[in-house]
Amino acid sequence: MILGELGFIPSQKIGFYCNDPKISYKFTGDTVSSVMLIVITVTLPALVVTLQMWVTELAYYNSDSYKNLECKSSSRNRQFWQWYGYYTLGWWYLLFIVEILKVVVGEPRPHFIDSCRPREITNCTNEYRRLYTCTNTELSWFYVNDSDKSFPSGHAATSIFTATFLVWYMQKRIPDQLVMILIKPWLQCLAILWGISCSMSRITDNRHHWWDVACGLILGVGFGVFVVCVLCKQFSPMTSDAEVGPTAKGAVNPMSYANAKKRHQSVKKLLNDGNGLNGETPEGRELGDVHGTWTA
């Protein structure tokens, strides 16, 4: 991925039309820079999960809810690093797929002519140029080399992936109490706002075509759903007692109640089971007496 981003792996060049207005915009920079995107992608979920884990979960979730059959020593810390690790793995895989598509497709960006300044555009009006050589020396080599890597949008894919992860996490882990039920939708709205605004800025900055952003959004949501549903199991740790999600403090475990009821029915069936009815056999009478004693 790094070799492709630095230009050591040559990308596909699909060419361009000299008078194509879709690639004739001016390069104006980035509203959301790549550094800002990476910093937010790395730190925002860690901050949200950490605060939520040690504020709401500490108050509403029993510590035993993080223990499972495979690891009896699981804790909030361990669960946090597991979910955050899956999140990190997901967006690295996402960036890898995006970089592969950029190298394979090689679509010119909306500011391609301004950033690349291809030599072949001289005295060219309506022709199609398959091969070209960039001559712009005013921009850094990175932006010149990046001018034909428009499809798909990495900013859109990464930001909406983060938003999908956070919205789903807050929906599953923040309890529906009086205060939280008012705060949770606003926090989810902020996460969605980050994903959408970052994606739309790629169009307003003339850095991507609309279809690049649309494809990035689809990739981001798809990877987000995969990480949440397959890797994180929808943020529902399995308890060692009943193999269900986390139990709130003071709540009755429904599976424990069902098991107790099942055992009671089995004992009752054993006591009433005989060759005759109403204690006609000695065995039946003895069991009936015992049953009556237990009932009393």
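How big is the gap, in Å, between the Cα center of segment 93-127 and the Cα center of segment 161-208?
When both Cα centres are located, 32 Å separates them.
For segment 1-44, state which chymotrypsin sites (Phe, Trp or Tyr not before Pro) are in a DSSP loop and have at most 16 other beta carbons lying within 10 Å of their beta carbon.
Counting only loop positions with at most 16 other Cβ atoms within 10 Å, the chymotrypsin sites (Phe, Trp or Tyr not before Pro) in segment 1-44 are PHE8.
Using r as the Cβ-Cβ distance of GLN177 and VAL42, and R0 as 30 Å, what FRET efficiency do you calculate, to the nearest 0.05?
On the way: r = 30 Å, r/R0 = 1.00.
The calculated FRET efficiency here is 0.50.
Using amide H atoms built 1.01 Å from N in the peptide plane, name the residues 5+ places from GLU107, or on other chains, whose amide H lies under 5 Å from its own.
HN-HN under 5 Å from GLU107: SER150, PHE151.
Applying the Karplus parametrisation 6.51 cos²θ - 1.76 cosθ + 1.60 with θ = phi - 60° to the phi angles of segment 164-169, what ³J(HN,Hα) value in whole Hz is obtained for each residue in order, glycine and proline being reported as x?
Along segment 164-169, the couplings run 4, 4, 5, 4, 5, 4 Hz.
As a footprinting exposure proxy, order TRP92, TRP83 by other Cβ within 10 Å, with the fewest listed first.
TRP92, TRP83
If a paramagnetic tag sat 7 Å from the Cα of THR125 along the Cα-Cβ line, which residues of segment 8-25 would have the backbone N under 15 Å from that point?
18-20
What list do you get for THR88, THR43, THR158 if you sort them by fewest beta carbons within 10 Å?
By the 10 Å Cβ count, ascending, the order reads THR43, THR88, THR158.
Report the calculated FRET efficiency for ARG78 and ILE100 (r = Cβ-Cβ distance, R0 = 51 Å), to the nearest 0.05.
That gives a FRET efficiency of 0.95.
With each pseudo-label sitting 7 Å past Cα toward Cβ, what's the TRP211-GLN234 distance in nm, one decimal?
3.6
Each value in this text was obtained by applying a stated rule to the coordinates, not by laboratory testing. The structure displayed is predicted, hence computed values, not measured ones. Because the Cβ atoms are built from the backbone with ideal geometry, glycine has one as well, and the counts that use them run over all protein chains shown.
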